[in-house]
Amino acid sequence: MILLALALAAQGQWTGPRTVEYRGPGNFCGGGYRVSLGKGERALVLPQDTGGQGVRLVLSRGEVNIHSGIRPEPGRVVMHYRGGTAVTQQGGGGGVSYVVADQTSFALGVTSDAFKGFKTDGWFFTKANFAEDSDREANCLSAYSY
């Protein structure tokens, strides 16, 4: 009976996956890439049940969403990083998005309502570095969990 009461109490305390937050200024390191966050900017690592969206960046110029598990798609290559990583601009569906991929079948999708085309979206790519292992030598921020 006591074990049953403890199990029910423990179940009541568990609230499921939690969002993890990184607050700027500093570098958010996202497992192979990094984004420079300014004062007041945040990176939110979302629970895994959000339909593929892994990170929401709340930046001064707009919110940017990074989706993992995207398949590389053909498109106009707008930027190259060392190690064979390329950024491809995607259009259609009412907006502009980007796919960051190397020679593997795994890619990152980068979306934002603020994106209008690479010429005006360069502000984001000056903050983000998707080069292979760009977070290896970086001084990365610590997380807040809630």
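The values are calculated or read from the model by the stated rules, or taken from the named source; none is laboratory data. These numbers were taken from a predicted model, which means no experiment stands behind them. Neighbour counts are summed over all protein chains in view; Cβ atoms, including those assigned to glycine, are modelled from backbone coordinates with ideal geometry. Just so you know, the surface numbers come from the protein's heavy atoms only, side chains and all, with ligands and any DNA or RNA stripped out. Shrake-Rupley method; radii C 1.70, N 1.55, O 1.52, S 1.80 Å.
Okay, here's what the table says:
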quantity: Subset tally (residues that are among the β-branched types (Val, Ile, Thr), at pLDDT below 90 and farther than 18 Å from GLY54 by Cβ) for segment 85-114; calculated: 0
quantity: Sole exception among (1) without any contact (Cβ under 8 Å) to a residue 60 or more places away in the chain; (2) under 18 Å from GLY30 (Cα atoms) for ALA131, by number; calculated: (1)
quantity: Matching residues, segment 22-41, being surrounded by fewer than 17 Cβ atoms within 10 Å (Cβ to Cβ) and part of a strand (DSSP E or B); calculated: SER36
quantity: Qualifying residues in segment 128-142 (those that are surrounded by 14 or more Cβ atoms within 10 Å (Cβ to Cβ), of a type in the set (Gly, Ala, Ser) and in a loop (DSSP other than H, G, I, E, B)) - the one modelled with the highest pLDDT; calculated: ALA131
quantity: Complete set of residues in segment 62-108 that are in a loop (DSSP other than H, G, I, E, B) and open to solvent by less than 30 Å² (accessible area, probe 1.4 Å); calculated: VAL96
quantity: Qualifying residue in segment 115-127 (condition: assigned to a strand (DSSP E or B), open to solvent by less than 60 Å² (accessible area, probe 1.4 Å) and either touching a Lys or Arg at 6+ places or on another chain (Cβ under 8 Å) or modelled with pLDDT of 95 or more (or both)); calculated: no
quantity: Residue ID - modelled with the lowest pLDDT, chosen from residues in segment 42-54 that are outside any loop (DSSP other than H, G, I, E, B) and open to solvent by 20 Å² or more (accessible area, probe 1.4 Å); calculated: GLN53
